Amino acid sequence: MKNHIEARNIVKRFGPTVALNGAGITIAEGETHALVGRNGAGKSTLVSILTGLQRPDEGEVLFSGETAPALADRDAWRQRVACVYQKSTIIPALTVAENLFLNRQTTGGPINWRALRAKARELLSTYEVDVDAAALASDLNVEQRQLVEIARALSFGARFIILDEPTARLDGLAIERLFARMRALREQGVTMMYISHHLDEVYEICQSVTVFRDARHVMTRPVAALPHDELVSAMTGEATTVYEARTRGAANGTVVLSAESLSLAGRFQAVDLAVRTGEVVGLAGSGSSGKVGLAETLVGLHKPDSGTVTVNGTRVRPGDVPAALGAGLGFVPEDRNREGFVPLLSVGENGTLPIARKLGRYGVISPARRRSKAVQLIKELDIKTEGPDQPVGDLSGGNAQKVVFARALVDNPAALVVINPTAGVDVKAKQALLGAVEDAVERGAGAVLVSDELDDLRICDRVLVMFHGRVVKDVPRGWTDHELVAVMEGIEE
Amino acid sequence: MTTLTAPPPRVRLARFRDLTLVPVILILLVVGAFLDPIFLSVGNLTNVLQQQASISLLVLAEALILIAGKFDLSLESTVGMAPAIAVMLVIPASAGGFGLGLPGPLVIPLCLLVGAAIGVFNGFLIIKFQLSAFIVTLAMLIIVHGLQLGPTEGKTLFELPESILYLGSATWFGLPAAIWIAAVLFAAGIAGLAYFRLGRALYAIGGNADAARAAGIRVDRVLWGVFILGGTLAALAGVLETGRLGAIGSNQGVGWIFMVFAAAVIGGVSMDGGKGTILGALTGVLVIGLVQNILTLKGVSGFWQPVVYGCIILIALIISRIAGGKAQD
C-alpha cells in the first residue's frame, strides 16, 4: 500500500515550549488512522502543520511522496488535505449554500444565486447530506453543521481528511451516523486521520493508531492487534508520583456537599453526589464528560435544569453563587485568570474578598486588619510575593493560584470545590496546592477535586469517573492509571 | 432526497427581513398626507430626499463597516473636515485659505483624498495596530473635527470654488444631482453586497473572521479597504452637503453619527457584524427623513424633535426584537 501522508521528524517550537519534538506520522492510502495522546501531546500542532497553517521548524511533510506546497498556496493545500476543526468554521448568518462555497461563490462577475444553490444541492446530495441548501446555517443543529463542514472540506477535491475530535459535540446516535458516513467515505478510498479522546471510538472506526506523548511519537500500530492496556500505557507513560498522598481514616462524618439527580442539558444528566467531612472526592473524565460543568453547577455558576444542591445542610438556590458561598462553600475556578482573581488588585485584597464584611463595620474595610489577615494567608500557603500589596497580576502562575486558594480557604469553608488546580503550575507549587486541599480536609472540610491530571487525583479518597455526562464508576483509592484512563475513555464501564 | 425540516415560511420571512420598515414608510406617507396636504407633493418629497442624500451616504458607509464587524464614529467629522481642508488648499489666503493656489477643479478629488486618508489612518490603527475600533474612531471623531476647527479658527467658509458647489446644487433630469448620486451608490452597494464575492466577504468577516480567513479571504486587506471606502463616502457626503448649503460651517456633520447608527440599526444592520443589508439601511434613512419632515411641517419645535427620534429608535428596536425573537446585544 502506498503512503498517502508522511510527516517526518517534525520539530515545532513556540517560544520556550517544544510542541513537537521530532514527531512524525505515516498514513497509508485509504486507511482511517487514529492520532491519540493526552492534552499537550502535540496533536493540534500536528494538525496545523498537516493543514498548512503552520510551518514546522524542522522536518518535512509529504503528500503521496511529493513535497508539501508552499504555505501561501492555500488552494494547493486545500486540494490535498481537508480538515474539520474542533471549532466550527460555519458562518451562522449565511445560507448553507454560501457556506459551502465561501469565497468561491463565483469565478468572476456577479454571483448567480440560483446556480449556486443548485451546485450546493448537487454537492450535498453527492455526500448524502440531508440539509436544505437555502436554509440559514444558524437554523442547523450541530450534527448538520458538521456534515456541511465535511461536505465543504471534501468539495475541494482532497482525498485526505482530518477529523479533529468530531464526536465531542455529538450525541450517541449522531456519532453512529458519523461513523457510518466515515465508513462510506473509506470505501470510496478517502484517507482519514481521526483524533479523539475516546479510545473506544478508535477501536470502532480506525485501522491503525499513532500515539503521541509529551511532543514525541511513541508508537504506531494496527488497532486490531493492540490490547487496550498497551494503548493506554503508551498514552500515559510511566506514572511518576510527584506528590505523596496522605492517608486518612474512612470518611463517615456528616455530608457537607451533596447533589440529587442534578441535570444540565448538554453537559450532564441525573448526577447524585455526596461528599462527607474529611473526604476528597475526585471527578475524572475526558473534556466532554461534563465534569467541569458539574463542578461549576455545584458552585452555582450554572443553573441546573433539575435537581438540588445542598451545602453544609442548607439547600441553596440553584444558580446562585453568593448563596452557595454564604452556605460555606469555597471555590477554585477552572480558569484562574478569568474567574480566579482581579489582576490589578493586591494579594491581600484578592485573598480577603470573601471576608471583607468581617474586616470592618458598616461597609468600611480596615486596612490594618486586612493586612494582618493577608500576611497570615501568605504564610500559610507559602505565597512567594513581595508582600500583601503586590498586585496578583505580577505573580507567577503557581503563586497566583495560591492566592486563589487563599481566597477559597479564607473563610474556613465546610465544602471545597476545586477545578484543575495544578494547570500551568510547576511541581513545587503543585505539591503546595494539593497539600492545601488536604490540609483543609484535615480541618474537617469535604472537597470535590476536578482534574485532568491523574496525579492530582491521587489525593482523592474516591474518584467518580464521568463519561458523556454520566457518572459511570466510583473508583476507590488505590487505582492505577490504566484502570482510570480505561474508564475515562469509555473502554470499560 | 427528503429535504430536512428547514421550514419554508421561515426562509421566506428571512428574505423579507430587509423590508420590515416598508410598511412603516407607507404608514408615515399616509399619516403625513392626512396631517399636511403639502406633504405628498413632489416638491416636498424631493426636498426630503435631497436633505437625506448626504446623511444617507454616511449610513451606507457605516452599514458596510458594521456588516464587516467593525465600527466607525469618525465619519461625521470627516463630513465637515474633508471639504473644509480641500477648499482651504484651493482658495486664496484672503478668503481664509492656505494660499497655496491649487487649481479650483481639484477641490473634489482633494476632498475625497482627505476622506480616504482618514480611512487609511483608522484602518492602520484598528487593523495593523489592533486597537479597539470604538476608542480609535472616538478619538478620531474629536481629532478630525479639531483639524477643521484649527485651520478655520471656527469660522464658516463662504467663498467656495464653483466646482465643489456643483454636485450639491445641480439638477439632473428634474431631480437634484445629490439624489441621483446617492441612488446610484446605494444601487451599487446593494448589488455589490448581494452579488459579488468581495461584498459577501464582508458578511463572512463580520460573521466569523477566523472562518473567513480559513476560506482564503484576505481579511485585513478587505477590512482596511472598507475603512478607506467609508472615509471616502463621508467626504463625498461632505461635498454634497457643502453644495446644498453653499458654505462650510464649523459644525457641518456634527451630531450626525447618532442618526447614522439609528438609521442603520433600525434598518436591520447588526451592531455585532455579519447581518443586515444596504437596502435595509436605506429604508432606515427614509424612515428618519420622513419623520423629520413631518415634524417640521407640523411645526414641532426643534428642541423637542430629539425626543421623538430617540423614541422612534427604541420602538423600532422593540419591534425588531419581537419580530426577530432573539436577544440583542
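The numbers here are math on the coordinates, done by the rules we state, and not lab data. Because the structure is a prediction, the values reported are computed rather than measured. All Cβ positions, glycine included, derive from the backbone under ideal geometry; neighbour counts span all protein chains shown.
Per-structure values
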| quantity | calculated |
| --- | --- |
| For the protein assembly as shown: rounded, prolate or oblate by the Cα gyration tensor [a/c cutoff 1.5] | prolate |
| Principal-axis tilt of helix A:113-126 within chain A, Cα atoms, nearest 10 degrees | 80 |
| Degrees separating the helix A:142-155 axis from the principal Cα axis of chain A, which is the longest one | 40 |
| Leading residue at positive end of dipole, the protein assembly as shown (Cβ point charges), from A:Val404, A:Ile175, A:Ala356 | A:Ala356 |
| Square roots of five times the Cα gyration tensor eigenvalues for the range A:1-111, Å | 29, 17, 15 |
| Simple Cβ-charge dipole of the protein assembly as shown, Lys/Arg +1 and Asp/Glu -1, about Cα centre, in debye nearest 20 | 1280 |
| Global geometry of chain B, whether rounded, prolate or oblate, following the gyration tensor of its Cα atoms and the 1.5 cut on a/c | oblate |
| Other-chain or far-sequence residues with amide H under 5 Å of A:Val209's (modelled H) | A:Ala34, A:Arg221, A:Val223 |
| Given A:Lys358/A:Lys402; A:Lys43/A:Lys384; A:Lys291/A:Lys430; A:Lys2/A:Lys87; A:Lys87/B:Lys275, the pairs whose alpha carbons are separated by over 24 Å | A:Lys43/A:Lys384; A:Lys2/A:Lys87 |
| At 1.567 mPa s and 4 °C, Stokes diffusion of the range A:135-206 via Kirkwood alpha-carbon radius, µm² per second | 101 |
| Burial ordering of A:Leu449, B:Leu175, A:Leu464, fewest other beta-carbon atoms within 10 Å first | B:Leu175, A:Leu464, A:Leu449 |
| Computed Rg/Rh of the range A:424-471, alpha carbon atoms with Kirkwood Rh | 1.00 |
| For peptides A:401-412, A:385-396, sequence by mean Cβ density within 10 Å, most packed first | A:401-412, A:385-396 |
| Per principal axis, descending, Cα span of the range A:324-430 in whole Å | 41, 32, 23 |
| Shielding score for B:201-213, defined as the mean number of other chain Cβ atoms within 10 Å | 5 |
| Amide H contacts under 5 Å for A:Arg13, placed H, 5+ residues apart | A:Ala19, A:Asp57 |
| Cβ neighbours within 10 Å from other chains - mean over A:107-117 | 2 |
| Antiparallel %, DSSP beta bridges [both residues in the range A:255-488], to 5 | 55 |
| For the range A:255-488, convex hull volume per residue from C-alpha positions, Å³ | 113 |
| Percent antiparallel among DSSP beta bridges (both partners in chain A, rounded to 5) | 55 |
| Overall form of the range B:224-316 per C-alpha gyration tensor (a/c, 1.5; a/b vs b/c) | oblate |
| Hits among aspartates and glutamates - C-alpha to C-alpha of A:Lys12 under 14 Å, sequence gap 8 or more where chains match | A:Asp57, A:Glu58, A:Glu60, A:Asp214 |
| Euclidean distance between Cα centres, the range A:118-190 to the range B:191-253, Å | 35 |
| Mean Kyte hydropathy of -1.0 or more with a Cα span along the axis of at least 27 Å, helices from DSSP in chain B | B:42-67, B:133-152, B:219-245, B:278-297, B:305-324 |
| Hits among lysines - C-alpha to C-alpha of B:Lys128 under 20 Å, sequence gap 8 or more where chains match | B:Lys70 |
| Contact order normalised by residue count of the range A:312-441, Cα under 8 Å, 6+ apart, percent | 34 |
| Where only C-alpha atoms are counted, convex hull volume of chain A per residue in Å³ | 172 |
| Alpha-carbon centroids, the range A:67-116 and the range A:317-388: separation in whole Å | 50 |
| Residues B:His145, A:His228, sorted so that the one with the fewest Cβ neighbours within 10 Å comes first | A:His228, B:His145 |
| Cβ-based exposure ranking for A:Arg78, A:Arg114, in which fewest neighbours within 10 Å come first | A:Arg114, A:Arg78 |
